[in-house]
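J.: Below is a structure I'd like to ask you about.
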Amino acid sequence: MNLTASKKVQKLTASIFQEVAVLKRKALNRGLDVIDLSVGSPDLPPPAFVVEELVKYASDTANYGYTLKGIPEFHEAVSFFYKQRYAADIDSEHEVLQLMGSQDGLAHLATAIINPGDYVLVPDPGYPIYEASVTIAGGVLFPLPLLAENNFLPVLDDIPLPILEKTKMMILSYPGNPVPVLADSSFFEEVVHFAKRHNILVVHDFAYSELIFDNNPQISFMSVPGAKEVGIEFNSLSKTFNLAGCRIGYAVGNEQALNILGMFKSQIDYGVFYPIQKAATAALTSDYTLLQEQVKEYEFRRDTLMAGLEKSGWKLSKSPATMFLWAKIPAGWKSRQFAFELINNTGVAVIPGDAFGKQGEGYVRIALVQPAERLSEAAERIHKFLAKPK
Ligand SMILES: Cc1ncc(COP(=O)(O)O)c(C=O)c1O
């Protein structure tokens, strides 16, 4: 058989994670002890009471049918969580859509909303599915450069009017992946105003809403006046409660946008496993003390790695949020060359920044998904690597 991928799929680039996985395997085969700081999959366990809930409902064979959509308790739990954590009012019946992870929603939204030729504003660098989803939908990407000199916020006034006239949607993420910075309320207010003026749907990815450090405020786009008129926010239990493999997330906000996405999804899947929905409901309505402990753990990891790397003269910007460091690489290196030589020589795996967009060149993304001792060990190895002549 001679089979080729569709033209749309051919336009997608191979995932950098696969490329790095090959290098990790080769390093392992050469006997290197690999320290994997490449994929943002949490190494911490979910809370015990959440696992207990999952086991309890999974033991009942009555719970193995299709669920088709989110159960009312889950919707109410999301609304409760948003009120408690972000002081945002979400109507549980009309303003919540359950997803199989936020990736599910991010991947399908553009196809549900965008017609071929419509423009979508996407952050550069940005989480890869933003760009891929628009490519699949046949939309036109307009990158919003996130530059250090603008605190990694897009300059909305720089977008030409003829582009805005053709723009249907914009994607933002604060704190984001790979750029872990925060936006303040005034930026979000500007976004609401801008979106209303140009009739653009705002899509805010808030997957790291509970990994915000140093007592910085946790600002949901949904807490900003007028946000629900123009936008939706994706969120997830993957990083907040370490349930990444369970595939459960949700979108909140604009009812019309959620209805369109929900209608499209009803053609694609038959809902999240009931025991997972029950476990997620328990997590979202818990007392949240575990979230504070988790933040402390990530702060400690971040500070340990930064202190270790500073000894080698590599000074990184302190991440105010997420499980990532967005690290400007030492002068004289390209991102891919740095990341690939690092893994080949030391077994420390990171992701080259250009994999997230043109503006990511000159950076690598380091995931804090190993205990502090391993991060110290990684810093030691990087120190030796940088001390060697190139
Ligand atoms: C910024 C961002 N958004 C969304 C996701 C998708 O997460 P999930 O589908 O597990 O909710 C990820 C996963 O790493 C992410 O980093």
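J.: Assign unit charges at the C-beta atoms only (+1 for Lys and Arg, -1 for Asp and Glu), then state the dipole size of the chain relative to its Cα centre in Debye, rounded to the nearest 20. Mind showing how you got there, number by number?
T.: On the way: 36 positive and 43 negative charges, 338 e Å.
The dipole magnitude comes to about 1620 debye.
J.: Have a look at Val191, Ile129, Tyr208 and report the one farthest towards the positive end of the charge dipole of the chain, computed about the Cα centre with Cβ charges (Lys/Arg +1, Asp/Glu -1).
T.: Ile129
J.: Report the semi-axes of the equivalent ellipsoid for the range 261-342 in whole Å, largest first, where each axis is √(5λ) for an eigenvalue λ of the Cα gyration tensor.
T.: Values: eigenvalues 296, 99, 18 Å².
Over the Cα atoms of the range 261-342, the ellipsoid semi-axes are 38, 22, 9 Å.
J.: Please sort by residue number the chymotrypsin sites (Phe, Trp or Tyr not before Pro) in the range 244-282 whose DSSP state is loop and whose Cβ has at most 16 other Cβ atoms within 10 Å.
T.: Values: sites: Tyr250, Phe264, Tyr270, Phe273; in loops: Tyr270, Phe273.
Those that pass, being in a loop and sparsely packed, are Tyr270.
J.: Which helices pass in the chain if a helix is a full DSSP H run, must span at least 30 angstrom along its long axis by Cα, and must have mean Kyte-Doolittle hydropathy not below -1.0? Each step should come with its number before you reach the end.
T.: Values: long enough: 289-310 (32 Å, -0.66).
Helix filter hits for the chain: 289-310.
J.: Can you give the % of DSSP beta bridges in the chain that are antiparallel, to the nearest 5?
T.: On the way: 17 of 36 bridges.
Roughly 45 percent of the beta bridges in the chain run antiparallel, per DSSP.
J.: Let me ask you something else. Using every pair of alpha-carbon atoms in the chain, split the distances into 10 Å bins beginning at 0 and state the percent of pairs per bin, rounded to integers.
T.: 5, 22, 31, 26, 13, 2, 0
J.: Accessible area of the chain with a 1.4 Å probe: how many percent of it is carbon plus sulfur?
T.: Numbers: 9450 of 17550 Å².
Here it works out to 54 percent.
J.: About its Cα centre, what dipole magnitude does the range 1-83 give when the only charges are +1 on Lys and Arg Cβ and -1 on Asp and Glu Cβ, stated in debye to the nearest 20?
T.: The dipole magnitude comes to about 720 debye.
J.: Highest first, please rank the peptides 77-83, 180-186 by the mean number of other Cβ atoms sitting within 10 Å of their residues.
T.: Ranked from most to least packed, the peptides come out as 77-83, 180-186.
J.: Going by average Cβ density within 10 Å per residue, which order do the peptides 192-203, 364-375 take, highest to lowest?
T.: Working: 192-203: 18.2, 364-375: 20.9.
Highest-to-lowest ranking by the protection proxy: 364-375, 192-203.
J.: Then there is this: When the Cα centres of the range 214-251 and the range 41-120 are compared, how far apart do they sit, in Å?
T.: 10
J.: Take peptides 350-356, 326-332, 165-171 and line them up by average Cβ neighbours within 10 Å, highest first, as a rough protection proxy. Intermediate values should be presented prior to the final figure.
T.: Numbers: 350-356: 25.0, 326-332: 15.9, 165-171: 19.9.
The peptides rank, most packed first, as 350-356, 165-171, 326-332.
J.: Tell me the mean residue ellipticity at 222 nm calculated for the chain from its helices only (DSSP H runs of n ≥ 4, each -39500 (n - 2.57), averaged over every residue, nearest 500). Spell out each step's value before the answer.
T.: Details: 14 runs with 164 residues, N = 390.
Mean residue ellipticity, 222 nm, calculated: -13000 deg cm²/dmol.
J.: A 30 angstrom limit on the alpha carbon distance is what I want to check against. Which of Lys239/Lys390; Lys296/Lys388; Lys8/Lys166; Lys83/Lys239; Lys11/Lys69; Lys26/Lys334 exceed it?
T.: On the way: Lys239/Lys390 37 Å; Lys296/Lys388 34 Å; Lys8/Lys166 21 Å; Lys83/Lys239 19 Å; Lys11/Lys69 32 Å; Lys26/Lys334 21 Å.
The answer is Lys239/Lys390; Lys296/Lys388; Lys11/Lys69.
J.: If you don't mind, there's one more thing I want to ask. Among Ser15, Ile90, Pro47, whose Cα projects farthest towards the positive end of the dipole of the range 6-91, with charges put on the beta-carbon of Lys, Arg (+1) and Asp, Glu (-1)?
T.: Ser15
J.: Now, a different point. Residue farthest toward the positive end of the dipole of the chain, with Cβ of Lys/Arg at +1 and Asp/Glu at -1: which of Ile171, Asn63, Ala27?
T.: Final value for the positive-end residue is Ala27.
J.: Mind checking the per residue accessible area of the chain for me, 1.4 Å probe, whole number of Å²?
T.: Numbers: 17550 Å² over 390 residues.
Per-residue value: 45 Å².
J.: Now for a separate question. With charges set only on the Cβ (+1 for Lys and Arg, -1 for Asp and Glu), what does the dipole of the range 276-390 come to about its Cα centre, in debye to the nearest 20? Spell out each step's value before the answer.
T.: Values: 17 positive and 12 negative charges, 100 e Å.
For this selection, approximately 480 debye.
J.: Give the separation of the Cα centroids, the range 315-390 to the range 276-295, in Å.
T.: Taking the Cα centre of the range 276-295 as reference, the centre of the range 315-390 is 31 Å away.
The values are calculated or read from the model by the stated rules, or taken from the named source; none is laboratory data. Given the structure is predicted, the values throughout are model-derived calculations rather than measurements. Cβ: placed from backbone, ideal geometry, glycine included. Neighbour counts: every protein chain shown. Protein only, heavy atoms only, side chains kept; ligands, DNA and RNA dropped before computing areas. Shrake-Rupley method; radii C 1.70, N 1.55, O 1.52, S 1.80 Å.
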